[in-house]
Each structure stands twice: as structure tokens, then as C-alpha cells.
1. Helix C:44-54 sits at what angle to the longest principal axis of chain C, using alpha carbons and giving 0 to 90 degrees rounded to 10?
2. If you build a Gaussian network model of chain C, linking Cα atoms that sit under 10 Å apart, which residue out of C:273, C:156, C:309 swings the most?
3. Could you check the simple spin-label distance between residue A:11 and residue B:60, using points 7 Å along Cα→Cβ, in nm with one decimal?
4. What is the Cα centroid distance between the range C:353-371 and the range C:184-238, reported in whole angstrom?
5. How big is the Rg/Rh ratio for the range C:184-370, C-alpha atoms only, Rh by Kirkwood, two decimals?
6. Normalised by the residues of chain A, what does the relative contact order come to in percent, with Cα pairs under 8 Å and at least six apart?
7. Mind checking the mean number of beta-carbon atoms from other chains within 10 Å of the Cβ atoms in C:213-225?
8. Could you give the nm distance between label points at residue B:134 and residue C:330, where each point is 7 Å from its Cα heading toward the beta carbon?
């Protein structure tokens, strides 16, 4: 039960983080469409790092 | 974490390590090395070809520039030659003119000199004739006049006057 | 041409040895109540057990199963089981377990007794004749053995490895005769160039990228093709096995640890430009990050994404059974089809994305290790 709550918290946190990353990346692309490639690469890397963190936490709790 | 560890199979880990090592080795040897080498070769080939084309273009430009320069030079040379010829011609004409002028002036001069001489001679003769004539006249006058003494004196006086005036 | 012929021969030989020795056959056995290996699944619990069973490695290659005349028929082929036990090496075919996965079938070999519980093979302790479980469903009178079996994942690795070798050695061979490859190799070439120019070169740097491109290319195509193979009805879940992703992550760890230059270690162990007192603390953080967190995040990310993908796809397919009562057969089937179709499309994207991210992060870590800092 508690680890389910913990998992929910992790997912909330990760969701907020991913939303921030995606949103800011979109803003960046809208402001500078010519930098789309670079922004996307950086976005994917940061999202992957966040994802790794979230998964790590999820599995530690499982 | 516990489920994670329980799911982990050390045997599969060992087997997949061996298989992956073999796969990486084989792929690098039989696939990636030749592929990457060929790709690089092709890329450098394309680059070389582009550079060669650029060089050829530049050479072509140089060639046309050379041609143009040569043509210009030839034209300039021709112009110079023509100019020289014209100059020579002009010079020759001028020289000829000068010569002709000189000759004519000389001729004129000699003619004038001879005319002068003739004139002098003629004048001298005229003078001589006039003198003789005047002497004759004077002789006859004197012969006629000298019968009168007073007239004689007058005459002498008058001649003397003329002489001083002369 | 020669290499291609050799590869084909090799493939054929491998396939033949695999399939003939395993005697492609349909085995049949009595249905056990608690058997979650391809039995009928109707309730939520059964669906859950079925899914959890299917994302695990399995000792036999089952294609499908059906029930006729009250007997459960399995179509597929068994795979060899190779165990390192307390008595040494023991081998037998997985068909001896008769598709049982809950420890009821005991196989006796070399005087040792083995039982398979949840895709793990246990060696029974001396004197025990059947397996006992505690309340958390762990066997009490048996212990795990080192299992070097040719499991379904190993078969997947072998098949995909040979496929990759075949494809790319053909591409390599084509360059000998022509400048631009034709046929399927023409599809592969831009992918190779993509990995080299978009992943390896920008992250590692022009000077060093050549040394690591081979590894990165292998890993990229290995993960990608295996992810895609996992979406086929063959049901490989190789990149969803912790052992496989762990192996890949450890390769990356070894590569960037071994090729790390002086600057890299200097910055890790004795960070210049910070107060001396903080340096040991930073060193601990940096070392933990480089040696534990980085490979751990690599291995868990791939494992979790692929496993989660499989679970979601299978859960959506299971809507067919679980919502049969409330939506009717047609409604439940239609809903399940539509949802699983779209999630499968997303999974195709994820298959590429995870291969890309794994390769990208590996390249990034290697790039950090070999980067030359200008001295301040």
C-alpha cells in the first residue's frame, strides 16, 4: 500500500518534470525554430535522465 | 529492489555477455570497419572530386584570362606598330617637304641673286650711259654756253653746288 | 558474395542444430489448475499472472497453445537447459518440465531433482521429493542454480545477432563492387550514417569518435531490432531482461572507465577549482555517479520501458476478456483492438527511441571521459 503511494508520488514528480522539460523545449523551438534539432536532442537527454531517476526510485520501492 | 534482484538471472547475464562480446567483435570486424572505411573513402572521394572541379573551374578562368591578356597584348603591339609606321610616314613626308622647301628657297635665292646682279649690271650700264650722255650733253651745252663768260661762271658755280650736294 | 553465402550457411546450420536437436514438436500434458504458462486466462488474477509470466525469460519457445479433448496442447519447441549445479554440469531438454511452471513437475537428472518455478529452475535439497513454499511463494527446500540454458532470450540474441551480421556484412561487401549500395543495404546505409553523424560524432568529438563507433552501432542496432522483435507475436522480451540490459550497461561502463583520460579522473577524484575540504565529498558523489548511477539508469531505463510496453500492450489485449461481461464480446474486442493498435504504434516509436537514448547516453558518457579540457 505504502509503496503504491510512493509510486504515485514518483509519477507525479516525474510528470511535472517531464511537462516542464517538454513545455520549455516547445517554447524554445517556437522562439528559435532553426535550433529545433539541438533543442530536441538536449530535451531527450534530460528527459532520459529524469526517466532513469524515476525508474530507479520506482524499482527501489517495489 | 527485491523483485528486481529476483528477476535478475546471472546465467543469462553470463551467456548474453559472451554472445554480445562475440557479436560486437564480429560486427566490428566484418561489418563496421569495412562500412565505415568505405563511407569515409566515398566522402573523401566526393570532397576530392568537388575540389578538383573547383580547381578546373579556376584553371579555366585563368586560361581565359590568359587568352584575353594575350589578345590585348597582340592588339597593343599591332597598334604600336601601326603608330610607328604612321610616324615614319609622317616623318618621311615632313623630311621630303623640308628638302623641297630648302631646294626651292635655294633656287629662289640664286635666282634673286642673279636678278640682283643683272640689275646691278644693268644699273651700272645705265649709269655709264647716262654719264656719257650727260657728258655729251654737257659738252654740247658747254660749247654753246661758254661763249658767255658770265654763264660759264654760273655754270661752274651750279655744278660745284651739285657736287657738294652729291 | 562469399561472405553472404557463408553467413547464410552459418544461419542455416545454427537454425538446423537448434531446431532438430530440439525436435520441433507439439507436446501435450494434463492441464494444471495453477498453471499460468499458456493456460486459459479469464480472471484478472490470471491475466496478471499470464502477463508477468510472459515478460519473463522462458525455457521453451512456445508459439501458441490450445485445448482439445480436455488436454492442453502446446505448439512450439523445447530448448536445451544447461545448469551448473552442486554436482557439476547438468543438461536436459526443457520439454521434460512439460510446460509446468509452478514446481509440480520434478525432473531427476544425475541424482539431482529440479523444479521450475516462475521461469527459474530450482535444485531441490537432499531428501526433498516435492517443493514447499513459504507464504510469499518462495521455495523453502530448494535453491537456485546457475542457469546457462539456451532460453528464449538467448535464442533471440542469437537470431538477431546473426541477422545483423548477415545484413551488415552484405552492406560491407557491396562497397567492394559499387559506390552506392542497392536493395535493402540502401536502407541500412543512412542508418549507419545517422548513428555515426548524429550520435557518435557530436557527443564524442571528431578526434576520438572513430574508436567507439563500432560499439555504438552494434548496440544501437542490437537494441532496436530486438525491441522491434519484441513487438512481433514471437514475443521476445530480450531487451526487457535485466541480465541483458545490465550486460549492455556494464559494457558502456567498462568502455568509458577504461578510456577515461587524465582530465576525467582528475575531475572525478580531485576536482580542481573547489575548496580542498569539499573535494573528497565531491569525489564520492562523482564516483558514485560514474560507477553506479550512470550504468544503473541505463540498465533500468531500457528494461523498464520495454517491460512496461509489453505489459501495457498485453493488458490492453486482455481487455477482451476482462471487460467481456460489461461491454459484450464485440465491444470488448473492438475496444481492445483499437487501444492495442495505437499503443503498438507508440511502442514502435519507443523501440527506436530507447535504442537511440541508450546509444546517445553511452556516447555522451564516453564523450565526457575522453573530452580534452582546455586548462584554466
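Readers should treat all values here as calculations from the given coordinates under stated rules, not as data from a laboratory. Because the structure is predicted, anything quoted here is derived from the model rather than measured. Every residue, glycine as well, gets a Cβ built from its backbone with ideal geometry; the counts of neighbours run over all protein chains shown.
1. Relative to chain C, helix C:44-54 is tipped by roughly 50 degrees.
2. Most flexible of the set in this elastic network: C:273.
3. For residue A:11 paired with residue B:60, the spin-label model returns 6.7 nm.
4. The range C:353-371 and the range C:184-238 have Cα centres separated by 12 Å.
5. Ratio of gyration radius to Kirkwood radius for the range C:184-370: 1.12.
6. On the way: 27 pairs, mean separation 33.1, N = 62.
RCO, chain A: 53 percent.
7. Per residue, the average neighbour count from other chains is 4.
8. 17.3
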